[in-house]
Amino acid sequence: MELRYELVCKRFGAADALIDLDLHAPDGCFLVMLGPSGCGKTTALRLLAGLDDPTSGRMFIGPRDVTPLQPRERDIAMVFQSYALYPHKTVAENIEYPLRIRRLTQTDRQERVAQVAKMLNIDAYLERYPRQLSGGQRQRVALARAIVRQPQAFLMDEPLSNLDAQLRFQMRAELKRLQKSLAVTTVYVTHDQLEAMTMADLIAVLSNGRLQQLATPAEIYARPANLFVASFCGSPPMNLLHGTVTNGHFQRAEGTFPIDNGPASELVLGFRPEHAQITMRGAPDSFAGEIYVVEPLGSETLVSVKVGADRVNVRVWSDFQGQIGDHCGVRPDASRTVLFEKDSGQLIKGSTSGSSKQPGTGGVRESA
Amino acid sequence: MKRRSRRALIYLALVAAQVFALFPFWWMITTSLKHQVEIFGGLEFLPQAPTLDNFAALFDRYNFGPFLANSLLVVAFSVAGSLLLGTPAAYALTKLPTESWLQRQALIVVLLVRMLPAILLVIPFYLVLANYGLLNTRLGLILVYTGLNTGFVIWLMQSFLAEIPRDIEEAALVDGDSRLSALRRIVLPLAAPGLAATAIFSVINIYNDFLIALTMTSTPDAQTIPVGVSTLIGKIQIQWGPMAAAGVVGALPIIVFALIVQRHFVRGLTLGAVK
């Protein structure tokens, strides 16, 4: 079912948790709401679940306006950050609880529970209690309880945040496969941009209760709608250099860089770490700098360069020879730079060359 | 060695505390098994010629059967009644914003009745019961005890219910429960230790009450054990034997009840600590 928020606002006392949220996720879509803590993403999810009432606005699941409905009438399933398993029920009882409420016959219930348990590899623990399970197993039980019912939408509130890094990596992939095979529209809330980039069909970036950008991961990576999105997505995030524009050149004290004429005189030049090169100091179209730190990541090396008061990250081959303190230059790839207006922070010119050749997500890597 | 001697000291203190706590109980049991002559005869730790005469006298001559029945009935109904009234109220209070003005005021109002000494409440209660012809009835006692105990239940249950994670209840709502069925199927089972602890405190409070029962009742039709036992203290003579027997019989229901719910009870008392 497609999901839609229409001008949804939520106020807690004097604080605006969500302001005019307007977004639409097509049927079968994996929508990730991404943002720092307190940005309103969990509020948005709880509103859709019916656990809180919006101050104003409407929400739709498919053609139904669910705004006035109770949670149980919305036909959704939710996975909580804490898993929220029923501690006094066994794994099997936990999973079959939504079916029991819907008065399915015992044979139907058992069949569905067995099927889902098998799908998630928890069929060996059906008789145990949640306290006897590890975090990863509990996570699977919570998932099983959500998918056992075949609801119209899944809502997930940071379901992986309590797992260790390795398990999270593994569950991320499984969750994505599961969502694709069930083809049920999913709203997934996270503060982890890596999860968002790797799993989402669509990412909604939120900050301070406002939607910043709703786009595919590739689009968000290549053309962030504003400075907030640029600095939040990607690891390390997009490099941002402040400067002025004169005669088709972006200028800083450390160097100039040719751009299409920008409308404003004060601009921010943005480029991804993999879309730049380390050059000799004084090379054409480069910014003079000094190597701040060199971090070998195995497959590649991340070089942090001090350009004036700013720092710029550049991904280079792992045979990079530079040392801390070396003088150098940084030359962005002209076809992949973006420009932001300094005052509004909005994107004014996207990458000039086709992102079709290399999907933007190619640059997201685990940097742990 | 230092650790061992410290340990020994701790055990010594524990044993002393045990003796201090259990000796009166022991003395009550042995006294109930002694003949009158022996009771006044000196400090014997064990009855020389054990007898059940005191128990027989208690039920045959001193009407203990009706007292016991009154006590059990009154306690059962008032504890059940106050749990039934107080638990939903406590649940509603946990849904108010924590530490909000409203929640605090509501809890203080609830506590107000408990803060007044019972002796202050006795006269108004007496007048009300007299008005409705409920003096010297079990129903009258049940109403008074239920009213007084509900505030206690609200306070205790409010703290137990507040400890149940909100997520779990919300999961039930999303899974298809209404507020009420989530309360019944998820919240209350999780609050069972709290219910047990609250129940046992309530039982002891009401079962032990003397002042209200004494004022509101006048015959064995409604008199409870504490009042009944007090009739054994005559103007001339105190019936120590039957009185000790009454103590033993009277303590039995509480002990049995405590044994039944003790597993929950202990978990209830440590609920906050373990987490």
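Here the residues A:238, B:28, A:78, B:115, ranked from fewest to most Cβ neighbours within 10 Å of their Cβ, fall in the order B:115, B:28, A:238, A:78. Membrane-span-like helices of chain B, defined as complete DSSP H segments with a Cα extent of 18 Å or more along the helix axis and a mean Kyte hydropathy of at least -0.5, are identified as B:2-32, B:64-95, B:101-115, B:118-131, B:138-162, B:192-208, B:240-269. Computed from Cα atoms, the angle from the helix A:135-147 axis to the main principal axis of chain A rounds to 70 degrees. When chain B is described by a simple charge dipole with +1 on each Lys and Arg Cβ and -1 on each Asp and Glu Cβ, the residue from B:236, B:41, B:101 located farthest towards its positive end is B:101. Angle of helix A:106-119 to the longest C-alpha principal axis of chain A, folded into 0 to 90 degrees and rounded to 10: 30°.
The range B:44-65 and the range A:280-325 have Cα centres spaced 97 Å apart. Ranked for footprinting exposure by Cβ neighbours inside 10 Å, fewest first, A:199, B:157 give A:199, B:157.
Remark: relative contact order (chain A) = 16 percent; criterion is Cα-Cα distance under 8 angstrom and separation of 6 or more residues. Under 5 Å from the amide H of residue A:18 lie the amide H atoms of A:10, each residue being 5 or more positions distant or on a separate chain, with H modelled from the backbone and absent for Pro and chain starts.
Per residue of chain B, the DSSP helices (runs of n ≥ 4 H) give a summed -39500 (n - 2.57) that works out to -24500 deg cm²/dmol at 222 nm.
Only DSSP H runs of four or more residues enter the estimate; each adds -39500 (n - 2.57), and after division by the residues of chain A the mean residue ellipticity at 222 nm equals -7000 deg cm²/dmol. Note on the range B:63-274: with charges restricted to the Cβ of Lys and Arg (+1) and Asp and Glu (-1), its dipole about the Cα centre is near 260 debye. Under the criterion of Cα pairs below 8 Å and six or more residues apart, the relative contact order for chain B equals 30 percent. Protection proxy ranking of B:10-16, A:273-279, by the mean of other Cβ atoms within 10 Å over each peptide's residues and highest first, is A:273-279, B:10-16. Is the shape of the range B:63-274 best called rounded, prolate or oblate, per the rule: a/c under 1.5 gives rounded, else a/b larger than b/c gives prolate, else oblate, with a ≥ b ≥ c the square roots of the Cα gyration tensor eigenvalues? The shape class here is prolate.
Relative to one another, the C-alpha centroids of the range B:171-230 and the range A:24-98 are positioned 37 Å apart. Would you mind checking the tilt of helix A:165-182 against the longest principal axis of the Cα atoms of chain A, expressed as 0 to 90 degrees and rounded to 10? Tilt of helix A:165-182: around 70 degrees. Of A:42, A:105, B:224, the sequence from fewest to most neighbouring Cβ atoms within 10 angstrom is A:105, A:42, B:224. Across the range A:3-221, the mean sequence separation of Cα contacts (distance under 8 Å, 6 or more residues apart), normalised by length, yields a relative contact order of 32 percent. Which FRET efficiency value, to the nearest 0.05, do you get for residue B:139 and residue B:29 by plugging their Cβ-Cβ distance into 1/(1 + (r/R0)^6) with R0 = 41 Å? Approximately 0.75, to the nearest 0.05. Mean projected area of the convex hull spanned by the Cα atoms of the protein assembly as shown, taken over all viewing directions: 44.6 nm².
Computed from the coordinates by the stated procedures, all read-outs in this text should not be read as laboratory data. All figures in this text were calculated on a predicted structure; none of them were measured in a lab. Note: ideal-geometry Cβ built from the backbone for every residue, glycine included; neighbour counts use all protein chains shown.
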